[in-house]
Amino acid sequence: MSEAAFIGRGDAVAHRGEVDTAETVRHDGRNRRAAETRRKVIAAAKAMIAETSVAPTVVAVAKRADVSVRSVFQHFGDVESLFVTVMDAVRQDIVVPPPTPSSRPLSQRIASVVQNLAEIFDKIVPLRVAAGQFAGHPAMIERGLSSKRELRAATFEAFAPEFGVLSEQAREELADAIGAALSLDAWIVLRRRDGLSFERATAVWRLTLTALLAHRFVATAAE
């Protein structure tokens with residue numbers, strides 16, 4: 001006769017409850033270990049990209065995070081998925097300043113928009129440079145387009161009084177010009193290729209944005 005036959009109903013229920021509790025504890029422990037491994041891998045990859053501006057290999061990330069290569073692949077599948085996850089983590093870490101009020105004087109709005117944009121871009125330059133080899137990845141393309149849409153919307157909001165007096169075509173052309181001149185790629189050229197300091201690069205952007213706005217309105221007045 002089995003042991004269960006000698007256990008009263010109440011004792012059996014209690015025993016089963018203990019088994020369930022133990023299983024829950026083991027499950028929670030596995031989840032915590034998995035979450036910690038994932039956190040360590042992402043932190044290691046972020047640190048390596050910030051230091052080198054190069055997408056690290058899975059082997060290098062595993063070594064830096066002090067986990068096995070197998071663990072990295074278990075959590076992310078491939079190096080592209082790992083990079084996209086790291087990119088999202090970096091974006092979440094960035095504190096986006098509040099929108100520049102359109103009621104402020106134009107010169108103050110130009111300075112504020114440039115400063116905010118430059119500070120954000122300076123933090124993600126290493127990530128953008130490292131992302132070169134993944135440029136064609138669908139997730140990278142989608143996030144790039146999303147960022148451009150957000151920046152375009154912010155431009156319309158910050159310079160609403162100036163855009164408001166333009167025709168629809170003129171507004172779109174000005175937004176296109178500002179988007180191209182104050183893009184992340186343009187910032188990389190100033191900071192990495194030309195070697196300008198942060199202060200010098202922001203001065204260039206303030207002058208560029210001022211000139212674009214002034215040119216558009218002069219052209220519109222002459223039409």
Problem set entry | Qualifying residue in segment 143-151 (condition: acidic (Asp, Glu), closer than 18 Å to ILE94 by Cα and assigned by TED's automatic domain parsing to the domain that holds LEU207) | yes
Exercise. How do the pairs read when you match residues in segment 166-180 that are of a type in the set (Val, Ile, Thr) with residues anywhere that are in a loop (DSSP other than H, G, I, E, B) and surrounded by 15 or more Cβ atoms within 10 Å (Cβ to Cβ), using Cβ under 9 Å and keeping only pairs 6 or more apart or on different chains?
Worked result: ILE178/PHE159
For this session: Would you check which residues across segment 51-74 are part of a helix (DSSP H, G or I), among the hydrophobic types (A, V, I, L, M, F, W, C) and within 17 Å of VAL84 (Cβ to Cβ) and list them?
Result: VAL58, VAL61, VAL72, PHE73
Seminar exercise, completed: Residue pairs within 8 Å by beta carbon, gap of at least six or interchain, first lying in segment 55-71 and among the hydroxyl-bearing types (Ser, Thr, Tyr), second assigned to a helix (DSSP H, G or I), listed first then second, are THR57/VAL79; SER68/ALA62; SER71/THR37; SER71/VAL41; SER71/ALA62
For this session: Looking for whichever is touching a Lys or Arg at 6+ places or on another chain (Cβ under 7 Å) and either closer than 30 Å to ARG38 by Cβ or not assigned by TED's automatic domain parsing to the domain that holds MET48 (or both) here; the options are PHE134, PHE73, PHE163, PHE121. Which one fits?
Result: PHE163
Problem set entry | Residues (surrounded by 13 or more Cβ atoms within 10 Å (Cβ to Cβ) and in a helix (DSSP H, G or I)) located in segment 89-100 | ALA89, VAL90, ARG91
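Condition test on VAL59, is it over 18 Å from SER183 (Cβ atoms), surrounded by fewer than 19 Cβ atoms within 10 Å (Cβ to Cβ) and among the hydrophobic types (A, V, I, L, M, F, W, C)?
On the way: over 18 Å from SER183 (Cβ atoms): yes; surrounded by fewer than 19 Cβ atoms within 10 Å (Cβ to Cβ): yes; among the hydrophobic types (A, V, I, L, M, F, W, C): yes.
Yes: the conditions hold for VAL59.
For ALA153, indicate whether it is assigned to a helix (DSSP H, G or I), under 18 Å from VAL189 (Cβ atoms) and small (Gly, Ala, Ser).
Details: assigned to a helix (DSSP H, G or I): yes; under 18 Å from VAL189 (Cβ atoms): no; small (Gly, Ala, Ser): yes.
No: the conditions fail for ALA153.
Search segment 169-213 for residues being among the hydroxyl-bearing types (Ser, Thr, Tyr) and not in a helix (DSSP H, G or I), and hand back the single one that is nearest to the chain's Cα centre (by Cα).
As a first pass, look at segment 169-213 and keep what is among the hydroxyl-bearing types (Ser, Thr, Tyr): 183, 197, 202, 208, 210.
Okay, now just the ones that are also not in a helix (DSSP H, G or I), so 183, 197.
Numbers: SER183: 15, SER197: 23 Å.
The extreme case among them is SER183.
Any idea which residue in segment 72-87 is surrounded by the most Cβ atoms within 10 Å (Cβ to Cβ), counting only those that are touching a residue at least 40 places away in the same chain (Cβ under 8 Å) and either touching a Phe, Trp or Tyr at 6+ places or on another chain (Cβ under 7 Å) or not hydrophobic (A, V, I, L, M, F, W, C) (or both)? Walk me through how you get there before you give the answer.
Here is the first cut: in segment 72-87, the residues touching a residue at least 40 places away in the same chain (Cβ under 8 Å) are 75, 80, 82-87.
Narrowing the set further to residues that are either touching a Phe, Trp or Tyr at 6+ places or on another chain (Cβ under 7 Å) or not hydrophobic (A, V, I, L, M, F, W, C) (or both) leaves 75, 80, 82-83, 85.
Values: HIS75: 17, GLU80: 16, LEU82: 21, PHE83: 23, THR85: 18.
Filtering first and then ranking leaves PHE83.
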Seminar exercise, completed: Residue hits (segment 101-140; assigned to a helix (DSSP H, G or I) and hydroxyl-bearing (Ser, Thr, Tyr)) are SER107, SER112
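In this structure, does ARG143 turn out to be assigned to a helix (DSSP H, G or I), of a type in the set (D, E, K, R), in contact with a helix residue (DSSP H, G or I) (Cβ under 6 Å, 6 or more places away or on another chain) and touching a residue at least 40 places away in the same chain (Cβ under 8 Å)? Outline the logic, then answer.
Details: assigned to a helix (DSSP H, G or I): yes; of a type in the set (D, E, K, R): yes; in contact with a helix residue (DSSP H, G or I) (Cβ under 6 Å, 6 or more places away or on another chain): no; touching a residue at least 40 places away in the same chain (Cβ under 8 Å): yes.
No, not satisfied.
When the residues of segment 144-195 are narrowed to those that are of a type in the set (S, T, N, Q) and surrounded by fewer than 16 Cβ atoms within 10 Å (Cβ to Cβ), which ends up nearest to PRO101 (Cα to Cα)?
Taking segment 144-195 first, the residues of a type in the set (S, T, N, Q) are 146-147, 155, 167, 169, 183.
Now drop any that are not surrounded by fewer than 16 Cβ atoms within 10 Å (Cβ to Cβ), which leaves 146-147, 167, 169.
Values: SER146: 22, SER147: 20, SER167: 22, GLN169: 24 Å.
Selected residue: SER147.
The values are calculated or read from the model by the stated rules, or taken from the named source; none is laboratory data. Note that the structure is a prediction, hence the values are computed from the model and not measured. Cβ atoms come from the backbone with ideal geometry, glycine included; neighbour counts cover every protein chain shown.
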